[in-house]
Every structure is written in structure tokens, then in C-alpha cells.
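Structure first, commentary second.
Read the figures in this text as sums done on the coordinates, not as results from a lab. Here the structure is a predicted model, which means the values were calculated and not measured. We place every Cβ from the backbone using ideal geometry, glycine too, and count neighbours over all the protein chains shown.
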Amino acid sequence: MFGRGRRVLLDAFIVTAALATVDWVFLFHPYLHHTGLTGLAPALALAYPLFDLALFACAMKVLFSVSARSPANRLVLLAIGAMLAGNTLFFANAAGAPDRSVEVLDNGLWLASYLLLGVAGLHPALLWTARPGDNRRTPLTARRTMAFAVATLIGPACLLGMIATTEPGGWDRTEWHHLAVPATLSGALSVLLVLRLSLVARVAQRRTLELDRRTVELDRQAGDLAEALRERQALEQQLRHHALHDPLTGLANRGLLAERMEWAFSRRDGGTRHALLLLDLDGFKDVNDTLGHGSGDELLLDVALRLRELVSPADTLARLGGDEFALFLEDVEPVQAVDLAEQIRGAMKVPLLIGGRDVYLSASIGLVQITDPRVTPQDALRDADLALYAAKRGGRDRVTPFRPEMRAAREAFTWLADGLRHALAIDQLAVHYQPVVELSSGRAVAVEALLRWTLPARGPISPAEFIPVAEETGLIIPLGAWVLRRACADARRWYDRYGISLTVNVSGRQLAEPDFADLVLRTLTEVGLPPEALILEITETVLIGSADEGAGRSLAALERLREHGVRIAIDDFGTGYSSLSYLAQLPVDILKIDRSFVPATGAASSDDHAFTRAVLQLGASRRLPAIAEGVETEEQARLLREMGCPLAQGFLFARPGPVDVVDATLAASNTELPSDDSPVGTGVRR
Ligand code: C2E
Ligand code: CA
Ligand code: CA
């Protein structure tokens, strides 16, 4: 719009007009007056200073174009300077009494001027193109404003100077034409200044507009930014909520629980007590399995609602996953915590209406009181978990407070679990066999396979110790399969030779495996032992449990095995406190009377034997042979014989032993069958 070139040109004209005024007043007017030239001469004489002024204007233009100050341009400027100085000296000299030495100086300056022009022409930077100037500079610098102010004063100052310096007898002050040139020049100067200032004003206006536009744009951007910031904050809040809450119930999650505990623990002083409850629903898995996951979710929501009603807003209620909930109580007396835990347990027993059905639940609760200031949230959670685990093992539907012994028990459990896994991997396990004998003849009719684990450094570990660990960790499944295969392989020889059977213990976990029957039948086929030779021992509680569950899968597996000729014995019979009438509904072939019901030696009254007698009679009536377990003395054997118990097992006859020991025992007690005879006989043999 307003080319920088036009501004520079105007500036050059302003300076030139000012100089012209000064020149006229102090140089040419005295010169013309002094020389008294007439005709065309004055016009000719004036041509020099006019061209000087034009040259000066050019020089100013170069000078004001900051970007055009190349070395060659500087030389040209110097040349013009020398030329103007020479001309000025000439006129000044000519206006007074001419001086020879000034004339020499004039000529010197003119020559210098030509020389400088020549050098500039040869300078390699002559063709140096000007860089585009920086248009963003201030439209009028303070220095230039000052210069313009001075320029406006030059006209009047020169006029006054001209009048004041006129010598007596000089020009006539009443003749107006003497003042016409300086007045015109100073008028032109004023016009130039106005033009220049209007340019400045337009630039300033343009800049203001630009600034306004930018301000609006900046305002808009600031608005956008604020909006984005708000969205981000909302998102952050949402993310934080998601990160700290359970999506299903909206309760706190493990992270938030830990955070709250951490905070409470950090400001714990001597007397403050907290409590942490861990709650697990009993039988939730069954609800999930039978009613579906939708109903499971509905149930969890109802449970969360029920819990919310019982706790105060200051307490932290969390869902840790699955059907496990936690409640952190700050600043609470131990009795209050126990009371609340019992209240919750009671509330869980009220049936819930899920999908139009009443669902009955109960809860196991582990409770830990936190009084030790060194306890961390992780410690508290771990202790509460141990207490919960104890509540589950203790029979569910109970509140179990944490006790320090639980920690040692858990450590022992982990140690056993790890050791057992390792033992299975490195073949550290063995199977021993204990004969089952016919009381009337003392002949072995079967052997019971019993798992043995011996640690080189610690010696043998009792199955009573490690079997429950194996069951809980699920290790019993590979372990049981291993025992079955090994025992069937060992027993095959004894079956062939003496016609005796093999009994193998089976845990509930194994029985619940969908392919249990397949595994047994496959093992028998692979090892070459007929199904008739195998008896599976299943405890009374497991058998009744699987009948109760109504799932029927376990029972169906047993039925299928029985169809193939495998027999089922109830192990530890009598310890399950079940009614004897139950027996009729179970797929059973043999009863194993638990050691605690085998008549004690010595002063045993006939009452003590009542149960044993009842069981034996029941067995006889249902044609189920009975095996008395844990027979240690001759007297016990005699009593059992009198009661009509056909079979027995115990240290009296033989302790469980490895294959070679059993080989010797059997060789002593049994006679070998003729090689072509198929095994026949009494008792547990089919
Ligand atoms: P159980 O099935 O009742 O096995 C009989 C237990 O009584 C054996 O203990 C045996 O050594 C012991 N015993 C035998 N005669 C006498 C006696 O005259 N007096 C006394 N006091 N004890 C006698 P063991 O071998 O320590 O096994 C303990 C339990 O571990 C077994 O009880 C059984 O429930 C379980 N078990 C052992 N091996 C296996 C296995 O391979 N699989 C499964 N699932 N459980 C097993
Ligand atoms: Ca057994
Ligand atoms: Ca037993």
C-alpha cells in the first residue's frame, strides 16, 4: 500500500526542501545580489545549485534506504558529498571577495568527487541488490520526528535570519520578491511534511486495524483454549473416576481403597484405630453358573446396595473384583467393627430377588484391626485376606478376626504348594501300598495306594499335610492322575498273580473334572489292568456333596465307571455324620469304616460298638462288603470278626510299603493263582 520507497522519497524531499531554503537564504540570494547578474545569467547560475539539490535529494534517498547501503553506494554518497561541498564553497566564495585558496579547495573537492565516483563504478558491490527492507519498523522514529520538527522551523528561522543579517545598503526589505523563494520553499516543506505525516498516520491506522484483528483472533484462540482446557479437566476427572471406581457397582476399587488407607495411616497418631473387612460371597459362583452372568451382575449390584445402606459415608466401601468386597473403617473401636461385620453377615442372609427368583446367599468375612502404626495398607489387606481365607475354610458364613498365626500357616501353605509342584516335576513322589486282608483267613484281597512325598533334607511329609494343599491349589488333578497310572501299573502284576484288587483314593476336585471317567478308563486300557481290579475310594462328604449339588456330573461319571466294572468305596465312612439311609441313593460297592469307629482295645463298652455294628448290619443287608480301617491289635481284629466284619486294613497286618516290600508281604500271605486261572474269591473281589 504505502511503499517504503515513497516514504523514503518524501523524507529525502523534506530534507532537500529544508536545505534549499537554507541554501537560498545564505548562499544564492547573497550571491545573486552580490554578482548583480542580469538576463539569462542568473537562471544559468541557478542551474548549478538546482542540480546540486537534485543530487542531494538522491543522496538522501540512498541514505534513508537502510537496506541499500552497500559499499558502492557509500562511495557514491561520498562523491556527492564532495561535489556539494565544492559547489557550496564556490558560491559562498563568489558571494564575497573571492579568495584563491578557497578556489583550490573547490577544485580539490570536485576532483575527489570524480575519483570517488570512478572507484564506486569499479567496486564489485555496485550491482549489489538491496534486500527487501524491514517493513515492520516504526513508521516514524523519534529522531526523524525531531528532524521534521526542526525542518518546520527552518523556513521562518531563515526568513528572520535573512532579514537580520542583511547589511546596510543590501537588498530592499520592502521588495516582496526577495522573500518569495524562501516563502515558497518553506510552504512546499510544510506540504511535504503534511504528506509525510498523513503517510505515517495511515500506516499507524493500518497497524491498529491489524492489531485489532489480531486481538480478536487472540481472544477467539483464548476462548478455544479455555474450552479445550475445560474438556480436558472433565475428561481427567472422568478418567480418574474410572481409574478409582468399579464400573459395575460404582464402589471404590482396590486403587482408591489403598489410597484412602494410605491417607488414614499417614495421619495415624498413637490412639487411632482402624479396621478393614474383607467380604466374599459364599456360593456366588453357583449363581453365576446357573442363572447366568447377567443375574450375577444384578446380584452384585444388590449386594453393593445392601452394603451401602449399612456403612457410613465416611467409610470406604470397595469392590475388589468378582464377589469380593472390602470395607475400611476409620477411627473405629474394635467392638464396633465386629458388630458391623456381624450386621453385614446377617444382612447377606436375607434372600435377594434375582430374575424373579429368591436367591439365598451368605458371606464369609475376614476382619483385621489396625492399631500398630507400622502396618502398611498392603499388610492390612494381606492380613484381612488371610482372615477371610480362614473364614472360608472354617465353614463359611462367619466373621473371622485375623490372628498372627494365620501368617505362619499361609507361609507353610505356600511352601508346601511350591514344593509339591517341584516334587511332581522332578519325580520326587512315590506310591506305597497297604494290603486289605480277609479277617477270616488273613489273605490279602486288595492293596490301597497311598501317595508318599519325601524331601531329602526333611524326610517324609505326611499326606494329611500335603493332600489338602494339593486339593486347594488344584495340583491334586495332575497328582491324582500320576498316582492312578503308577498304581495301576504296579498292581497289574499282583492282580495277575494273586487276583487281588487295587484301591485308589480320589479327591472331590478330581471327580468334578469333566473327563474324569475317560481318564480312568484310558489309564486302565493303557496299563492293561481290567476295570474289575480297580476300586476308587471317595470320601463320604465328597459323595454326598456331589449328590447334593444336583449337578449330577460327578455321579454320572461314577455310574459310567461302574458300568465298566470299576467299583466305588466310601472312604472314612461315619465321619460325615450323614444318615445311613443316604447310602441307598449312592453309587457304592464297598464301605470303609473310619478308624475312629473301629472298636477301641480295652474297656470298650458295647455302646461304643453300636455304630460299628449298625454299619456292618446295614452293609450286610445291602450286600456291601465293609473294610475296617486302622486295625492295630489282635483284639480289634477279633472283635471285628465277631461282629461279622469281613475285611480289615491296618498296621496289625501290614504298614503301607513300597512295591518290593509289598511283593514279599503278598508272597507270604497269599498263594499264587494257577497261571490260566482268572482271579476269583471273596470279599472285594468281583
Ligand atoms: P485314608 O484314605 O484314610 O488312608 C488311610 C490312612 O490311614 C493312611 O494314612 C494310612 O497310612 C493310615 N493307616 C493305615 N493303617 C493304619 C493304622 O493301623 N493306624 C493308623 N494310625 N493309621 C493307619 P496316610 O498314608 O498318611 O494318608 C492319609 C490320607 O491322605 C489318606 O487317608 C487319604 O485321604 C489321603 N491320601 C493318601 N494318598 C492319597 C492319594 O493318592 N490321593 C488322595 N486323593 N488322597 C490320598
Ligand atoms: Ca483311603
Ligand atoms: Ca480312610
(message) Please enumerate, by chain and number, the aspartates and glutamates with C-alpha under 14 Å from the C-alpha of K285, excluding those fewer than 8 residues away in the same chain.
(response) D297, E298, D323, E324, E549
(request) Please give the helix 41-64 orientation as an angle from the longest Cα principal axis of the chain, in degrees from 0 to 90, rounded to the nearest 10. (result) 10 degrees
(request) Give the long-range amide H neighbours of D246: residues separated by 5 or more places, or on another chain, with amide H under 5 Å away, using H modelled in the peptide plane at 1.01 Å from N. (result) L251, A252, N253, R319
(message) Quick one: 3J(HN,Hα) in Hz for segment 95-100, Karplus 6.51/-1.76/1.60 with θ = phi - 60°, rounded, Gly and Pro as x.
(response) 6, x, 7, x, 10, 5
(message) At a threshold of 8 angstrom on Cα-Cα distance, excluding pairs fewer than six apart, so keeping six or more, what relative contact order does the chain reach in percent?
(response) 8 percent
(request) May I ask for the angle, rounded to the nearest 10°, between helix 610-621 and the longest principal axis of the chain, with both axes built from Cα atoms and the value confined to 0 to 90°? (result) 80 degrees
(request) Estimate the FRET efficiency between L235 and H422 by the formula 1/(1 + (r/R0)^6), using the beta-carbon distance for r and 35 Å for R0, to the nearest 0.05. (result) 0.10
(request) Work out the FRET efficiency for R143 and V194 from their Cβ-Cβ distance, taking R0 = 30 Å, and round it to the nearest 0.05. (result) 0.90
(request) Would you work out the charge dipole size for segment 449-576 about its Cα centre, treating the Cβ of every Lys and Arg as +1 and the Cβ of every Asp and Glu as -1, and quote it to the nearest 20 debye? (result) 580 debye
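Taking only DSSP H segments of four or more residues, each worth -39500 (n - 2.57), what value at 222 nm results for the chain once the sum is divided by all its residues, to the nearest 500 deg cm²/dmol?
Working: 22 runs with 389 residues, N = 686.
Using -39500 (n - 2.57) per qualifying helix, the result is -19000 deg cm²/dmol.
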(request) Using Cα centres only, tell me the gap between segment 295-355 and segment 191-234 in whole Å. (result) 62 Å
(message) Nothing charged except the Cβ atoms of Lys and Arg (+1) and of Asp and Glu (-1): what's the magnitude of the dipole of segment 205-304 about its Cα centre? Round to the nearest 20 debye.
(response) 820 debye
(message) Please report the net charge: other residues with Cβ closer than 14 Å to the Cβ of L109, K and R +1, D and E -1.
(response) -3
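Could you list E559, E330, E634 in order of exposure, starting from the residue whose Cβ has the fewest other Cβ atoms within 10 Å? Don't skip to the answer; put the middle values down first.
On the way: E559 13, E330 20, E634 10.
Lowest to highest Cβ neighbour count: E634, E559, E330.
Once fully extended, how much extra length lies between I163 and A92, figured as 0.36 nm per residue of separation less the alpha-carbon to alpha-carbon distance?
Values: separation 71, 0.36 × 71 = 25.56 nm, distance 1.82 nm.
Using 0.36 nm per residue and subtracting the Cα-Cα distance, I get 23.7 nm.
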(request) Starting at the first residue of segment 364-373, write each ³J(HN,Hα) from the Karplus equation 6.51 cos²θ - 1.76 cosθ + 1.60 with θ = phi - 60°, in whole Hz, x for Gly and Pro. (result) 9, 10, x, 10, 10, 8, 10, 10, 6, x
(request) State, in angstrom, two size descriptors of the chain derived from its alpha carbons: Rg to one decimal place and Dmax to the nearest whole number. (result) 58.7, 177
(request) Would you work out the relative contact order for segment 70-118, in percent, from Cα pairs under 8 angstrom that are 6 or more residues apart? (result) 54 percent
(request) Specify the inter-centroid distance of segment 453-470 and segment 57-121, based on alpha-carbon positions, in whole Å. (result) 117 Å
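I need the calculated FRET efficiency for the pair S266 and E333, taking r as the beta carbon distance and R₀ as 25 Å, to the nearest 0.05. Kindly include the intermediate steps, with their values, before the conclusion.
On the way: r = 21 Å, r/R0 = 0.85.
Working from the Cβ atoms, E equals 0.75.
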(message) Between E411 and A668, what is 0.36 nm times their sequence separation minus the Cα-Cα distance? Round to one decimal in nm.
(response) 88.0 nm
(request) Using 0.36 nm per residue of separation minus the Cα-Cα distance, give me the extension gain between H293 and R306 in nm, one decimal. (result) 2.7 nm
(request) Please tell me the relative contact order of segment 1-116 in percent, rounded to the nearest whole number, where contacts are Cα pairs under 8 Å and at least six residues apart. (result) 32 percent
(request) Please turn the phi angles of segment 238-246 into ³J(HN,Hα) values with the Karplus equation 6.51 cos²θ - 1.76 cosθ + 1.60 (θ = phi - 60°), one per residue in order, whole Hz, x for glycine and proline. (result) 5, 4, 5, 4, 4, 5, 10, 10, 7
(request) Of the options P124, A94, A409, report the single residue whose Cα projects farthest towards the positive end of the charge dipole of the chain (beta-carbon charges: Lys, Arg +1; Asp, Glu -1). (result) A94
(message) Taking the Cα of W482, stepping 7 Å toward and past its beta carbon, and measuring to each backbone N in segment 410-424: which are under 15 Å?
(response) 416-424
(message) I want the local charge near V631. Using Cβ-Cβ distances under 14 Å, sum +1 for each Lys or Arg and -1 for each Asp or Glu among the other residues.
(response) -3
(request) Specify the angular offset, from 0 to 90 degrees and rounded to the nearest 10, of the alpha carbon long axis of helix 463-473 from the longest principal axis of the alpha carbons in the chain. (result) 40 degrees
(request) Taking the Cβ of each residue in T316, T633 as the centre, tally the other Cβ atoms inside 10 Å and list the residues starting with the fewest. (result) T633, T316
(message) Modelling each spin label as a point 7 Å along the Cα-to-Cβ direction, I'd like the Q343/D99 distance in nm, to one decimal.
(response) 11.9 nm
(request) Sticking with the crude label model, points 7 Å out along Cα→Cβ, report the distance from L179 to T525 in nm, one decimal please. (result) 13.9 nm
(request) Can you put I354, I500 in order of Cβ neighbours within 10 angstrom, beginning with the fewest? (result) I354, I500
(request) Taking the Cα atoms of segment 240-358, report the difference between the largest and smallest coordinate on each principal axis, in whole Å and largest first. (result) 50, 34, 20
(request) Report, for the chain, the % of DSSP beta bridges that are antiparallel, rounded to 5. (result) 60 percent
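Let me check I've understood the local charge: for G5, count other residues with C-beta under 12 angstrom from its C-beta, Lys and Arg +1, Asp and Glu -1. What total comes out? Don't jump to the answer; show the numbers that get you there.
Values: positive: R4, R6, R7, K61; negative: D11.
Computed value for this residue: +3.
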